[in-house]
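See structure below.
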Amino acid sequence: MNDFLSLLLANQSRARVIRTFISNESERMSVATIARRSGVSPRAAKLEITALLKMKLISQSKHMVPATEGKKRAKKKSRTEDVWGLVVENKYVRALTSFVHEVSPAQYQDVERALKSTGRLSTVILSGLFVGDPSRPADLIISGDSVNERRVEKAVRTLEPKFGREIRYTILSTPEFRYRLTVQDRLLRDVLDFPHRILINRAGILK
């Protein structure tokens with residue numbers, strides 16, 4: 001499915017970098033981290049960082065990188081690197097954040113499509129990142145039978161650049177999911193008692 005933000009900006013790299021900053025609004029990131037989470041090249045990330053700096057949507061600062069031991073056990077000196085983060089006080093950031101979260105549902109079908117070949121899924125719940133609430137304990141809860149964990153891992157990693165950050169997920173068998181619902185499991189309650197989206201409910205477990 002087309003990414004509306006990319007279409008609107010006519011620039012997929014900028015759309016992905018903006019989404020990465022918004023999805024990690026309390027974090028300051030290096031070029032390498034921004035490029036990896038956005039799924040763009042370091043060169044493209046640098047170009048978009050420069051553009052967003054001019055718009056004052058992000059700010060630049062220095063981060064101390066601790067000393068590490070090299071291959072020959074020689075200790076490398078501490079150094080600083082440039083990092084960037086969202087300027088939440090910018091008057092346009094709140095509106096931009098709301099807009100990004102509003103257009104993100106258009107990509108939910110991408111999640112379902114990516115998980116399609118991972119097993120016989122009975123329930124998939126989107127929380128956290130997908131509903132704009134990173135304080136939730138998980139972004140994605142998957143339950144099913146004969147779920148291939150390696151395929152799930154691969155599917156999730158291919159999705160991360162579209163949403164701009166690491167996706168935290170939990171895999172449960174269908175019986176275990178039913179049991180946890182029965183005993184009011186804390187993880188499920190911390191997801192289901194707050195805004196969330198049920199992507200798949202084939203077993204009718206969730207009412």
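Taken together, the values in this text are just the output of simple stated rules run on the coordinates, not laboratory data. For clarity, every value in this text was computed on a predicted model and none was experimentally measured. Positions of Cβ are generated from backbone atoms using ideal geometry, with glycine treated the same way; all protein chains shown enter the neighbour counts.
Here are the numbers for the structure shown:
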read-out	value
Check: the stretch 113-179 dipole with +1 on Lys, Arg Cβ and -1 on Asp, Glu Cβ, in debye	260
Cα principal axis extents for the stretch 90-163, largest first, Å	48, 20, 17
Helix 12-23 vs. the chain, principal-axis angle (Cα, 0 to 90°, nearest 10)	80
Length released on extending from GLU27 to LYS154, taking residue separation times 0.36 nm less the Cα-Cα span	43.2 nm
Gained length - ARG43 relative to ARG202, 0.36 nm times residue gap less alpha-carbon distance	52.9 nm
For the chain, convex hull volume per residue from C-alpha positions, Å³	157
Degrees separating the helix 42-54 axis from the principal Cα axis of the chain, which is the longest one	80
Contour minus Cα-Cα distance for SER146 and SER61 (0.36 nm per residue)	25.9 nm
The stretch 107-201: C-alpha gyration tensor shape, a/c 1.5 cut-off, then a/b vs b/c	oblate
The chain, dipole about Cα centre (Lys/Arg Cβ +1, Asp/Glu Cβ -1), debye to the nearest 20	920
C-alpha long axis of helix 149-163 to longest principal axis of the chain, angle in °	50
Contact order normalised by residue count of the chain, Cα under 8 Å, 6+ apart, percent	22
The stretch 113-207, relative contact order in percent, only Cα pairs under 8 angstrom and at least six apart counted	39
